[in-house]
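Notes for the one structure printed next.
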Amino acid sequence: MLAPTAKIIDGKAVSAKIRAKCKERVADLKRRGVVPGLAVILVGSDPASALYVRNKMRACADVGIKSLRYDFPSDVSADDVLATINDLNANQDIHGILVQLPLPPQIATAKVLRAISAEKDVDGFHLYNVGGLVVGDTVFPPCTPYGVVKLLEHEQIPVEGRNVVVVGASNIVGKPMALMLMQQDATVCICHAKTRDLAQFTILADILVVAAGRPNLILPQMVKTGAAVIDVGINRLADGRLVGDVDFEGVRQKASYITPVPGGVGPMTVTMLLVNTIASAERHPDRSLV
């Protein structure tokens, strides 16, 4: 067996460095009498969603952001959730609003996301922020693709002029990821579930970003030698193991850089939520919990 050649990008280590800077920025805000505040809305009792919310609130506490949690039963009406969002939009103590997805079927997700003020939409899902990605003037970039960009920056992986293939065309990761890399003058191709002969596209990628939600979708023969491979996928197998969308052991012997799952992009997603919340507080210092 060949020795592994790819450098493993340690998302936990990069995340820790960014969070250390977050602490400094929060401390500076507090010296000016401002405490960044994040409101988190959780509807229902889905264990995975509850775990994500706890992790986000714990991360807030670690850097000094005050987080407030609003819990609703799964049968709550959309009007009740929207009323809470409207109150939070007007609350000067709150700099960021996050609605944990997915929502129950009786609540229109798009309507809820549109109700959040674009200036408090720290998840980056509001139509204004999504549209802003197209013209390069978004208020808050979506957290997961933002985290991928920061990983590439940290590893000094050049983007300009490179061929980038994004596998997965979701509104949360794939589409904004492509737009953010286009802004850095990459040549971007987006593939998705209906792409025929996926390998003919992935083999051309200098940077391959995979966010399809299918374990072992990307095999070594589909990857260009020396490519940087960013695995955004997270899948739980029948034996309980967490894996990404990439055959990690196989592809790491061919790529130049690769992110592991877990421990790659995942920690960065929560960290960029903190960055966006702090940025909101810095933009609007009149909003304070003090």
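The values are calculated or read from the model by the stated rules, or taken from the named source; none is laboratory data. What you see is a predicted model, and the numbers here were worked out from it, not measured in a lab. Cβ sites come from the backbone with ideal geometry, for glycine too, and all protein chains shown count toward neighbours.
Values computed for the structure shown
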| read-out | value |
| --- | --- |
| Members of the range 109-156 that are of a type in the set (D, E, K, R), over 17 Å from residue 82 (Cβ atoms) and crowded, with 19+ Cβ neighbours inside 10 Å | 119, 150 |
| Total residues in the range 159-183, condition out of contact with any strand residue (DSSP E or B) (no Cβ under 9 Å at 6 or more places or on another chain) and either free of Cβ contacts under 8 Å to residues at least 24 places away in the same chain or surrounded by fewer than 21 Cβ atoms within 10 Å (Cβ to Cβ) (or both) | 5 |
| Meets criteria (small (Gly, Ala, Ser) and outside any helix (DSSP H, G or I)) for residue 15 | no |
| Members of the range 202-242 that are among the β-branched types (Val, Ile, Thr) and at pLDDT 95 or above | 202, 203, 207, 209, 210, 218, 223, 225, 229, 230, 232 |
| Boolean, residue 49 is in contact with a helix residue (DSSP H, G or I) (Cβ under 8 Å, 6 or more places away or on another chain) and either surrounded by 15 or more Cβ atoms within 10 Å (Cβ to Cβ) or part of a helix (DSSP H, G or I) (or both) | no |
| Residue list for the range 191-201, filter: of a type outside the set (A, V, I, L, M, F, W, C) and under 22 Å from the mean Cα position of the chain (by Cα) | 192 |
| The range 202-230, subset under 24 Å from the mean Cα position of the chain (by Cα) and not aliphatic (A, V, I, L, M), residue surrounded by the fewest Cβ atoms within 10 Å (Cβ to Cβ) | 214 |
| Output for the range 226-245, where each listed residue is β-branched (Val, Ile, Thr) and closer than 16 Å to residue 172 by Cβ | 230, 232, 234 |
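Conditions (1) part of a helix (DSSP H, G or I); (2) closer than 25 Å to residue 36 by Cβ; (3) not assigned by TED's automatic domain parsing to the domain that holds residue 45, marked per residue:
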site: 83; (1), (2), (3): yes, yes, no
site: 87; (1), (2), (3): yes, yes, no
site: 92; (1), (2), (3): no, yes, no
site: 105; (1), (2), (3): no, no, no
site: 125; (1), (2), (3): no, yes, yes
site: 128; (1), (2), (3): yes, yes, yes
site: 134; (1), (2), (3): yes, no, yes
